[in-house]
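Visitor: Before anything else, here's the structure in question.
The values are calculated or read from the model by the stated rules, or taken from the named source; none is laboratory data. Please read all numbers here as calculations on a predicted model, not as lab measurements. Cβ atoms come from the backbone with ideal geometry, glycine included; neighbour counts cover every protein chain shown.
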Amino acid sequence: MLARAATVAVLLLLTASCRGNGTRQVECPPRETDCNGTCVDLQTDEKNCGACANACAASFECVAGACQPICGANEHVCNGVCVSSLSTATCGTRCEPCPEPDGGIATCNGVACGLICPPTLRPCGGECASCPTTSGGLTCEGNRCVASSCPAGQHLCNGECVDENGGSCGETCLRCPEPPANGFQVCLNGGCEHLCRPGNRLCAEGCCASDFVEVGAFHSCTVTPTGAVQCWGRNRLDGGFGGAVGDGSLLDRSTAQQVTGLTAGMVAVQPGDFHTCAMDQFGTVQCWGHAGLGRLGDGTTSDKLNPAAAMGLGQGVAVAFSAGGSGACALTRGGQVRCWGDNTHGEVGDGTTMPRSTPVGVPDLGTSATDVTFGGSHACALMRGGTVRCWGDNARGQLGDATQTGRLRPVLVMGLFDAVRVSAGERHTCAVRKNGEVLCWGDNASAQLGLPSSDTFRSAPVKVDGVALASTISAGGAHTCALLGTGQISCWGANASGQLGDGTTDGRPGPMPVTGISDGTSVSAGALHTCARTRSGTRCWGQNDYGQLGDGTNVTRLTPVMAR
């Protein structure tokens, strides 16, 4: 009898252990599990991921019963780590590289793999086909290129020969789609590609404005997430000239100052040597600072302590612009380029050497430009087909046409047919190819091309070894920095002021990672300093004589510090 009572007591105890509050038994719906009296989905619950009480760490989420890192925009998880969705190594949602076409280059638009073919080949049926030299080469039967009656560089569409990178794109006989706001479409040897302009990021709507930082020779500026422009650094030149910070004073500033009147709605800012320009969401360009030789574009040579409108670049005109050593250029909605400022070396590109205090057209570029960059005394335009054209000073080969002859009009950069980014420095130029490789040309006295400095210059593009999957490039005074798809930043060239950010003052003939940055979203190289935007804020390094690092001091920094 006692044994039976003990058995009953044990059964009651076991029953109670299967019940929730009081005497009510927990009955979980399908796909959920009872974890200590609470029903949870082990496939998605971050505190009970895959098993009860198995909590995911901070910055991780529960996906299909496994803890995975929370990735940023344009990233996805592969083998437990975040990788770029824009890279050909992990395109879209892939965890393996895009197929490398025979004779071509794999591409990625963030969703699917594609391909770009060299100029002698054309995409046909997903492969690079050899086309008859007497035809445009874009009439395809399967993966075979069939001759047409069109000249090279064109193909037949609805009975008419059209430019394959202008009138239509690839085999579709259609123009590329209209670009999203803050972005542009290019046709790269047969494929439409969508790119965001500097200062913007890919998002569901196309291109969304993001906070970023840009630097000039000795000052720096940023556009905040709310569209305000702030600047800091050198604000006064000898003789009482200046005003590049734009706060209404001539005082050098070691912390960020609000630019007068630019408190919202701005989408881009570009500092030059001693002046600055900015553009709002409607395409209006304003400039301020030292106006010598007409570099503000407002029709005068009078310095401005506050922003003044560049003439002819009002609402609805510009979609991008770049300020450089002593001038600037703007890209219009119609694909034209207009430049202004010093023109001693032909950097305005209008075929003269007359300084221009208002924007004038660069006629030889037509309407096919997609971006523009202004360096020390030269400028370059990225063209719709992935080629680059440059003009101005060429004493160190910075125009890339295999000569050292200065050009008053644009010339084609040799051997570059698939560029997606281009940046002009003081006396050198660099570009990012669609596959993430970096090419540079021009002055190499400080190894800014990624070659030993004994190789003093190159007048045609050379590949920078040690850089893979670059998303953007910035050429500075005598150094260069690249933002990689991983969020890391690599720099090379001159380093006497610590502008490479590797903790030393040793010049580097090849890329070196910047210390402590793995979450970069933009990078900009100045004369002797560099700044980057990261997910945790703006960080700068290098010379700080004028407060251009924005950390509230004038102390030179060999590694990145947070700007205030």
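Visitor: Scanning segment 89-120 for residues that are surrounded by 18 or more Cβ atoms within 10 Å (Cβ to Cβ) and modelled with pLDDT of 75 or more, which turns out nearest to CYS62 (Cα to Cα)?
Guide: Top of the filtered list is ARG94.
Visitor: What number of residues within segment 429-457 are acidic (Asp, Glu) and in a loop (DSSP other than H, G, I, E, B)? Spell out how you get there, then give the answer.
Guide: As a first pass, look at segment 429-457 and keep what is acidic (Asp, Glu): 437, 443, 455.
Still in the list and also in a loop (DSSP other than H, G, I, E, B): 437, 455.
The number of residues fulfilling the criteria is 2.
Visitor: How many residues are under 18 Å from the mean Cα position of the chain (by Cα), over 19 Å from THR429 (Cβ atoms) and among the polar types (S, T, N, Q) when one looks only at segment 486-519?
Guide: 3
Visitor: Let me confirm something: among ALA431, ALA424, ALA419, which residue is crowded, with 24+ Cβ neighbours inside 10 Å, closer than 19 Å to LEU528 by Cβ and of a type in the set (A, V, I, L, M, F, W, C)?
Guide: Of ALA431, ALA424, ALA419, the one residue that is crowded, with 24+ Cβ neighbours inside 10 Å, closer than 19 Å to LEU528 by Cβ and of a type in the set (A, V, I, L, M, F, W, C) is ALA424.
Visitor: For segment 59-73, enumerate the residues that are surrounded by fewer than 16 Cβ atoms within 10 Å (Cβ to Cβ) and in a loop (DSSP other than H, G, I, E, B).
Guide: Of everything in segment 59-73, those that are surrounded by fewer than 16 Cβ atoms within 10 Å (Cβ to Cβ) and in a loop (DSSP other than H, G, I, E, B) turn out to be SER59, ALA64, GLY65, ILE70, GLY72, ALA73.
Visitor: Scan segment 313-359 residue by residue and report those that are under 24 Å from the mean Cα position of the chain (by Cα) and of a type in the set (S, T, N, Q).
Guide: SER322, SER326, THR332, GLN336
Visitor: Follow-up question, since we're still on this one. Give segment 289-335 a look and list any residue that's modelled with pLDDT under 95 and among the hydroxyl-bearing types (Ser, Thr, Tyr), or say none.
Guide: Answer for segment 289-335, where residues must be modelled with pLDDT under 95 and among the hydroxyl-bearing types (Ser, Thr, Tyr): SER326, THR332.
Visitor: What strands (runs of 3 or more DSSP E), lying completely within segment 214-289, carry at least 2 residues that are touching a residue at least 60 places away in the same chain (Cβ under 8 Å)? Give the derivation first.
Guide: Numbers: elements: 219-223, 229-233, 253-258, 266-271, 275-280, 285-289.
Result: 219-223, 229-233, 253-258, 266-271.
Visitor: Taking segment 373-390 on its own, how many of its residues are in a loop (DSSP other than H, G, I, E, B) and either of a type in the set (D, E, K, R) or without any contact (Cβ under 8 Å) to a residue 12 or more places away in the chain (or both)? Give the derivation first.
Guide: Restricting attention to segment 373-390, the residues satisfying the condition of being in a loop (DSSP other than H, G, I, E, B) are 375-377, 384-387.
From the residues that got through so far, the ones that are either of a type in the set (D, E, K, R) or without any contact (Cβ under 8 Å) to a residue 12 or more places away in the chain (or both) too are 384.
Looking only at that region, the number is 1.
Visitor: Could you list all residues from segment 342-372 that are aliphatic (A, V, I, L, M), part of a strand (DSSP E or B) and at pLDDT 95 or above? Step through it out loud before you land on a result.
Guide: So in segment 342-372, the residues aliphatic (A, V, I, L, M) come out as 348, 354, 360, 362, 365, 369, 372.
Among the residues that remain, those that are also part of a strand (DSSP E or B) are: 360, 369, 372.
Answer for segment 342-372, where residues must be aliphatic (A, V, I, L, M), part of a strand (DSSP E or B) and at pLDDT 95 or above: VAL360, VAL372.
Visitor: Residue check: is ASP371 buried (at least 21 other Cβ atoms within 10 Å of the Cβ), touching a Phe, Trp or Tyr at 6+ places or on another chain (Cβ under 8 Å), closer than 23 Å to GLY510 by Cα and among the charged types (D, E, K, R)? Full working, then the answer.
Guide: Numbers: buried (at least 21 other Cβ atoms within 10 Å of the Cβ): yes; touching a Phe, Trp or Tyr at 6+ places or on another chain (Cβ under 8 Å): yes; closer than 23 Å to GLY510 by Cα: no; among the charged types (D, E, K, R): yes.
So ASP371 fails the test.
Visitor: Does LEU439 satisfy being modelled with pLDDT of 95 or more and of a type in the set (A, V, I, L, M, F, W, C)? Quick ask: steps written out before the conclusion?
Guide: Numbers: modelled with pLDDT of 95 or more: yes; of a type in the set (A, V, I, L, M, F, W, C): yes.
The answer is yes for LEU439.
Visitor: For segment 316-341, give me the residue count where each residue is without any contact (Cβ under 8 Å) to a residue 40 or more places away in the chain and part of a strand (DSSP E or B).
Guide: Here is the first cut: in segment 316-341, the ones without any contact (Cβ under 8 Å) to a residue 40 or more places away in the chain are 316-318, 332, 334, 336, 338.
After this cut, where a residue has to be part of a strand (DSSP E or B) as well, the list is 318, 332, 338.
Residues flagged as without any contact (Cβ under 8 Å) to a residue 40 or more places away in the chain and part of a strand (DSSP E or B) within segment 316-341 amount to 3.
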